[in-house]
């Protein structure tokens with residue numbers, strides 16, 4: 001089983017195909033059929049060493065691009081200071097942010113272009129960050145370590161955010177008030193249990209986390225640990241219903257085979 | 001060519017049915033008495049039967065079927081290998097993986113991993129509690145553990161195999177909480193400085209801060225606490241072992257299930273400065289005995305890596321280490337022996353919640369959360385005098401009642417009403433000399449490397465230790481981490497490199 005992913009660059013439509021299984025295959029139901037192209041690619045990679053090597057090179061290239069995008073912006077930090085370096089990093093990832101004391105957000109447009117006005121705000125720390133849908137990962141947090149006034153962090157749909165990323169969020173424990181983790185396919189309970197450091201957290205969004213099996217139970221346990229935090233996106237009985245249906249189906253099958 | 005032959009043999013029955021339209025080819029063949037006038041059809045029928053039998057034999061002999069003209073024992077190791085790794089636990093497979101990763105040309109190094117037990121029923125790896133921490137007092141240990149955490153963080157980049165599932169370690173990032181009394185507070189502060197200097201993310205907490213963070217903890221007698229913020233927690237050792245194994249096998253490592261029963265080595269002597277004769281050994285063949293059999297295969301090898309865990313001492317004895325004349329270096333054995341440790345699974349519905357760290361009390365008792373259902377894992381390292389018998393892995397539940405439960409209930413009052421759901425026992429590959437790992441070449445056996453004696457830290461140091469040993473073997477020296485303090489020299493010079501915070 002393989003997943004086919006296209007990366008279309010602006011200008012020429014170049015296909016970067018990969019047959020490697022990313023985390024999102026866990027959420028995919030087995031009934032959806034694979035597209036023909038990936039089935040063909042899988043067949044070829046099983047029979048030809050060249051295709052297999054090309055595919056492993058393409059996944060290596062993908063990892064290299066991720067590392068490059070999340071590298072530490074040391075030159076910017078030396079020249080312009082921590083805040084501008086963090087701002088530049090967020091804009092390069094195609095995310096948005098808001099300086100403290102300012103009311104307008106800095107974002108790149110659809111083509112990825114952004115205005116360079118943010119270099120004028122060297123003394124303003126960043127207060128709100130929205131990196132939804134970007135490829136921010138654990139090493140990229142090195143750029144944001146200096147932002148001790150960070151209040152809002154939105155990580156909606158970030159596919160590279162995993163438990164290790166959440167374990168590093170303790171650096172914002174004095175200031176973080178809102179955290180949005182919905183739709184991150186790699187987060188599981190192991191990372192959520194590291195969120196107890198965030199004592200100032202008031203809003204936490206945990207909707208559609210495919211790797212969390214018992215979202216309702218996790219919500220109850222997190223509310224015990226973070227009493228002032230309001231957790232949204234999860235109902236108390238999520239995960240329970242599935243167990244109930246399993247129990248019913250087990251009971252049915254056992255009576256069927258026993259009788 | 002065979003397909004054409006099969007096709008040809010298939011046409012003959014159709015020819016015969018063509019000749020005898022009354023006979024259906026689907027009917028079972030029955031030998032019938034034939035008239036003389038039908039002698040030719042009987043000849044063809046026998047010919048057909050013989051050809052069908054020949055066709056069956058030919059198909060069985062084709063590659064893809066498991067018939068062989070000479071019976072070969074399945075699972076025999078290859079007759080020669082460059083590196084033979086004795087022991088298929090997480091350290092052994094880590095060494096195998098890193099050897100393959102560092103080889104400069106494809107199939108440059110032929111690596112064979114020999115494991116005694118295919119079910120891993122007594123292996124320390126799978127019976128481990130699975131914690132990883134950086135809170136050590138020896139900088140080498142801290143660096144090993146930090147490098148391993150770095151490896152685990154990007155484990156899919158390292159151990160991802162094309163078209164296979166991504167590796168899921170189920171890593172719980174909960175951190176370790178070490179608690180110190182008045183006596184140990186000074187040592188804890190020194191350790192904290194060492195750890196911060198080495199790059200570990202650790203913080204010191206006062207009793208008031210501990211009480212505020214973890215209200216379920218009884219802070220009586222607590223003078224200082226040390227809490228790990230990042231790269232600490234616990235994970236599933238079986239997933240790591242299987243990930244390493246899968247990736248190593250995909251890179252071409254040979255795996256063999258068998259027991260190493262002996263070495264064939266050659267000895268040569270050299271005189272020292274004061275004209276004593278020192279004899280050095282070089283292992284030529286490793287005898288690998290097949291499971292449940294007396295048959296063994298001598299594997300010709302260049303290098304042997306002893307990663308046999310709790311049984312490393314026995315494997316070293318097979319090479320003749322420690323059996324020299326008294327008061328010489330040749331009489332110093334490898335000081336690794338198995339020590340049994342009990343692990344108890346407790347169920348406590350009102351216990352500490354999701355923020356439970358891996359709690360380690362100054363009395364030695366440890367406890368961590370397991371899953372989300374109110375289960376906990378607890379244990380204690382016994383004193384030297386009350387070390388349990390290592391012949392089997394039977395659990396002594398009285399040990400929990402007498403030793404662990406009072407200390408645990410004192411520290412966490414919620415554990416006063418707890419039930420022991422189950423328990424298991426596993427071996428530590430205990431280094432009786434100084435409880436730190438032994439990584440390096442043996443001075444008297446010129447081609448035997450050791451990666452053993454981790455004394456309970458094998459799992460958390462395995463990726464970095466495997467890389468260190470691969471650097472020793474292929475590069476001739478340590479490249480990324482300098483672990484020369486953990487070699488054999490300290491054992492010969494009787495200078496222990498002690499680790500102060502052992503669990």
Check: What do the square roots of 5 times the Cα gyration tensor eigenvalues come to for chain B, in whole Å, largest first, as semi-axes of the equivalent ellipsoid?
Finding: 56, 32, 20
Item checked: Shape box of region A:25-117 [Cα atoms, principal axes, largest first, Å] -> 58, 30, 24
Item checked: When region B:408-503 is reduced to its Cα atoms, the Kirkwood hydrodynamic radius in Å -> 15.7
Next item on the list: Measure nothing fancy, just the Cα-based angle from helix B:139-153's long axis to the longest principal axis of chain B, in degrees from 0 to 90, nearest 10.
Entry: 50
Item checked: Peptide ranges B:203-214, A:188-199 listed from the most packed, as the mean C-beta count within 10 angstrom indicates -> A:188-199, B:203-214
Checklist line | Overall dimensions of region A:181-244 by Cα: Rg and Dmax, Å | finding: 11.1, 36
Notebook entry, point to check: Relative to the longest principal axis of chain B, what angle (0 to 90°, nearest 10) does the C-alpha long axis of helix B:458-475 take?
Noted result: 70
Checklist line | Calculated FRET value between residue A:247 and residue B:236, using beta carbons and R₀ = 25 Å, to 0.05 | finding: 0.45
Note to self: Using a 10 Å cut-off around each Cβ of peptide B:167-176, what is the average number of partner chain Cβ atoms that fall inside?
What the structure shows: 5
Margin query: Using a 10 Å cut-off around each Cβ, can you sort B:495, A:127 from fewest to most neighbouring Cβ atoms?
Written below: B:495, A:127
Next item on the list: Work out, step by step, the length gained on full extension between residue B:105 and residue B:170: first 0.36 nm times the residue separation, then minus their alpha carbon distance; give nm to one decimal.
Entry: 20.0 nm
Next item on the list: Answer rounded, prolate or oblate for the protein assembly as shown, using the Cα gyration tensor with square roots of eigenvalues a ≥ b ≥ c: rounded when a/c is under 1.5, else prolate when a/b is larger than b/c, else oblate.
Entry: oblate
Check: Quick one: length gained pulling residue B:193 to residue B:347 fully straight, 0.36 nm per residue minus the C-alpha distance?
Finding: 51.8 nm
Next item on the list: Could you state the angle between the C-alpha long axis of helix B:39-61 and the longest principal axis of the C-alpha atoms of chain B, as a value from 0 to 90 degrees rounded to the nearest 10?
Entry: 20
Checklist line | Equivalent ellipsoid semi-axes - Cα gyration tensor, region B:153-290, angstrom | finding: 45, 30, 14
Item checked: Computed E for residue A:119/residue A:65 - FRET, C-beta separation, R0 25 angstrom, nearest 0.05 -> 0.45
Notebook entry, point to check: In Å and whole numbers, how far do the C-alpha atoms of region B:67-199 stretch along each principal axis, longest first?
Noted result: 74, 34, 29
Checklist line | Computed label-point distance, nm, for sites residue B:492 and residue A:220 using a 7 Å Cα→Cβ extension | finding: 6.2
Next item on the list: Would you mind classifying region B:188-246 by shape? Square roots of the alpha carbon gyration tensor eigenvalues, ordered a ≥ b ≥ c; an a/c under 1.5 is rounded, otherwise it is prolate if a/b is larger than b/c and oblate if not.
Entry: oblate
Check: Between residue A:230 and residue B:46, what is the spin-label point distance in nm, taking each point 7 Å from the Cα along the Cα→C-beta axis?
Finding: 9.6
Next item on the list: Give the calculated FRET efficiency between residue B:56 and residue B:79 to the nearest 0.05, with a Förster radius of 30 Å applied to their Cβ-Cβ distance.
Entry: 0.35
Notebook entry, point to check: How much of the calculated P(r) for region A:81-233 lies past 24 Å, in percent of all Cα pairs?
Noted result: 29
Item checked: MRE, 222 nm, helices only [DSSP H, n ≥ 4, -39500 (n - 2.57), over the protein assembly as shown, to nearest 500] -> -9500 deg cm²/dmol
Check: Which of B:171, A:43 comes first, and how do the rest follow, when ranked by fewest Cβ neighbours within 10 Å?
Finding: A:43, B:171
Notebook entry, point to check: Among B:59, B:288, B:345, which comes first, second and so on when ranked by fewest other beta-carbon atoms within 10 Å?
Noted result: B:59, B:345, B:288
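Any read-out appearing in this document is the output of simple, stated calculations on the displayed coordinates, not a laboratory observation. Quick caveat: nothing in here was measured; it's all calculated off a predicted structure. Ideal geometry is used to build each Cβ from the backbone, glycine not excepted, and the neighbour counts take in all protein chains shown.
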